[in-house]
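Novice: I'd like to ask you about the structure that follows.
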Amino acid sequence: MGEYLLLVVSAVFVNNILLARYLGNCPFLGVSKSMDTAVGMGMAVTFVLTVAGLVTWMVQRYLLDPFGLAYLRTIAFILVIAALVQLVEMFLQKSVPALYRALGIFLPLITTNCAVLGVAIINIKEDFDFVTTLVFSLASAIGFALALVLFAGLRERFALMKTAKAFEGMPLGLITAGLLSMAFLGFAGLVK
Amino acid sequence: MSLATEFTKGLWKEVPPFRLVLGLCPVLAVTTAAENGLGMGLATTFVLVCSNSLVSLLRKFIPNKVRIAAFIVIIASFVVMVELVMQAYFFKLYEVLGIFIPLIVVNCIVLGRAEAFASKNTLPFSVADGLGMGLGFTASLTLLGSVRELLGTGHVFGVHVMWASFEPFGFLVKAPGAFVALGFLLGFMNLIGAKR
């Protein structure tokens with residue numbers, strides 16, 4: 001149990017997927033202008049990332065490894081993720097329409113979110129077993145959602161301020177992200 | 001529309017990571033040193049040129065409905081090629097770039113150019129576009145890598161260039177430094193752009 005707790009703390013705070021591993025930065029900078037969209041995106045990513053982590057792990061273990069096709073990993077994973085996102089979309093539309101409407105446009109965008117493919121590949125590279133994969137995927141996704149929501153909160157405030165013309169928008173957004181990343185660096189001593 | 005303008009627009013006017021702010025993950029992650037930026041940029045350029053050419057050649061045969069899936073498969077195939085070649089011949093760089101080589105698949109620039117340009121234009125234009133965008137991306141990565149390496153460690157391409165008493169800003173080669181350095185670089189580019 002203790003090692004799983006350690007893994008969660010490490011994935012959420014110390015090696016935060018956005019701020020320390022730099023995965024999934026396009027949605028991080030793209031949809032963080034308002035709190036609502038950030039929460040929607042965070043939920044959608046949490047859901048897809050966890051499911052995708054488990055499914056790609058099974059694909060690697062039961063399909064690619066036995067047939068010696070490990071070199072096809074990149075192609076196989078991206079196809080699995082694309083298909084999965086499509087399936088999740090159809091499933092939610094039919095059975096949980098409320099959640100489907102809340103996630104809206106963010107679901108299809110997740111296919112090209114490198115956090116999803118990134119975590120899937122990390123799971124394989126680190127040789128995690130099934131439960132560890134589940135814990136790590138979920139914790140990474142929570143770290144993503146946490147950073148995204150924090151960042152959106154900061155940016156909502158920044159939008160009201162007067163700033164130098166050249167630094168409006170993206171440059172200031174990046175520097176803000178840097179400060180947030182610096183705050184997360186403070187967790188570095190928690191877990192070796 | 002001429003080949004030259006399609007080529008040069010990627011170098012300054014629409015230089016990918018800065019102007020379009022696409023494909024930021026590798027930009028932030030691998031630019032701890034100039035050499036890594038250069039390697040990553042060249043790998044992406046190769047994928048970009050190849051996928052642009054193939055998408056352009058096949059653009060009349062790919063049904064509109066499944067085009068994104070088709071593009072992704074094309075891109076993924078070239079990424080696997082790059083991955084295997086780098087593992088065989090540039091193992092040190094392969095180790096450093098690690099997970100970001102397979103992640104070229106989901107680099108928005110590559111899919112973006114396939115969708116926005118190569119699927120509508122002929123082969124020569126698509127190659128020019130891919131090459132220009134790729135080299136612009138490479139130059140940006142190398143520039144950002146050089147700045148971070150120079151101020152963060154006092155080296156450029158592994159050669160010590162700063163004066164002996166120079167205190168390096170260590171945080172620039174750590175995670176927050178990437179965001180801050182890119183933010184300032186974008187701001188200064190806006191300043192230069194505004195003066196023209």
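Novice: Please rank A:Arg21, B:Arg59, fewest neighbouring Cβ atoms within 10 Å first, as an exposure proxy.
Specialist: In order of increasing Cβ crowding within 10 Å: B:Arg59, A:Arg21.
Novice: Can you give me the Cα centroid spacing of region B:121-169 and region A:150-175 in angstrom?
Specialist: So the two Cα centres are separated by 26 Å.
Novice: Also, quick follow-up: If you average 1/r over every pair of different alpha-carbon atoms in chain A and take one over that average, what Kirkwood value in Å do you get?
Specialist: 17.5 Å
Novice: A further question follows. With a/c under 1.5 counting as rounded, go ahead and sort region B:3-142 into rounded, prolate or oblate using the C-alpha gyration tensor (a ≥ b ≥ c being the square roots of the eigenvalues; past the cut-off, prolate if a/b is larger than b/c, else oblate). Write out the running numbers ahead of the final one.
Specialist: Values: a/c = 1.95, a/b = 1.33, b/c = 1.46.
Oblate.
Novice: Could you point to the residue in A:Thr37, A:Ser140, A:Thr56 farthest towards the positive end of region A:9-189's charge dipole, with +1 and -1 charges on the Cβ of Lys/Arg and Asp/Glu respectively?
Specialist: Result: A:Thr37.
Novice: Among the lysines, which have Cα under 21 Å from the Cα of A:Lys125 when same-chain residues fewer than 8 positions away are ignored?
Specialist: A:Lys192, B:Lys92
Novice: Right, here's the next one. For each of B:Ser126, B:Ser165, count neighbouring Cβ atoms within 10 Å of the residue's Cβ, then give the residues from fewest to most.
Specialist: Final ranking by Cβ density, sparse to dense: B:Ser165, B:Ser126.
Novice: Lys and Arg at +1, Asp and Glu at -1: add these up for the other residues within a Cβ distance under 11 Å of B:Ser119 and post the number.
Specialist: Details: positive: B:Arg59, B:Lys60, B:Arg67, B:Arg113, B:Lys120; negative: B:Glu115.
After counting each charged neighbour, the total is +4.
Novice: Applying 1/(1 + (r/R0)^6) with R0 = 45 Å to the Cβ-Cβ distance of A:Ala188 and B:Lys60, what FRET efficiency is obtained, to the nearest 0.05?
Specialist: 0.25
Novice: A further question on this structure: Less than 22 Å apart at the alpha-carbon level, and either on another chain or at least 8 residues along: which lysines does that give for A:Lys162?
Specialist: A:Lys33, B:Lys195
Novice: Under 15 Å from the Cβ of B:Ala175, count the other residues' Cβ atoms, weight Lys and Arg +1, Asp and Glu -1, and hand me the total.
Specialist: +3
Novice: Once you wrap a convex hull around the alpha carbon atoms of the protein assembly as shown, what is its projected area averaged over all directions, in nm²?
Specialist: Over every viewing direction, the Cα hull of the protein assembly as shown projects on average to 21.6 nm².
Novice: Count the net charge of all other residues whose Cβ sits under 12 Å from the Cβ of A:Val149, scoring Lys and Arg as +1 and Asp and Glu as -1.
Specialist: Combined, the nearby Lys, Arg, Asp and Glu give -1.
Novice: Among A:Tyr22, A:Tyr62, A:Tyr4, what is the fewest-to-most ranking by other Cβ atoms within 10 Å? Walk me through the intermediate numbers first.
Specialist: Values: A:Tyr22 27, A:Tyr62 10, A:Tyr4 14.
In increasing order of surrounding Cβ atoms, one gets A:Tyr62, A:Tyr4, A:Tyr22.
Novice: Under a point-charge model restricted to the Cβ atoms of Lys and Arg (+1) and Asp and Glu (-1), what is the dipole moment magnitude of chain A relative to its Cα centre, in debye to the nearest 20?
Specialist: For chain A, the charge dipole is close to 480 debye.
Novice: Sticking with this structure for a sec: Take the Cα of A:Leu179, step 7 Å along the line toward its Cβ, and report every residue of region A:145-159 whose backbone nitrogen sits under 15 Å from that point.
Specialist: A:150-159
Novice: Among A:Ile75, B:Ile72, B:Thr8, pick out the residue whose Cα is farthest towards the positive end of the charge dipole of the protein assembly as shown, where Lys and Arg carry +1 and Asp and Glu carry -1 on C-beta, about the Cα centre.
Specialist: Of the options given, the answer is B:Thr8.
Novice: Within region B:121-140, find all residues whose amide N lies under 15 Å from a label point positioned 7 Å from the Cα of B:Phe90 along Cα-to-beta-carbon.
Specialist: B:134-140
Throughout, read-outs are computed from the coordinates displayed, never taken from laboratory work. A quick note: this is a predicted structure, and the numbers were derived from the prediction, not measured. Counting neighbours? That spans all protein chains shown, and the Cβs are built from the backbone with ideal geometry, glycine included.
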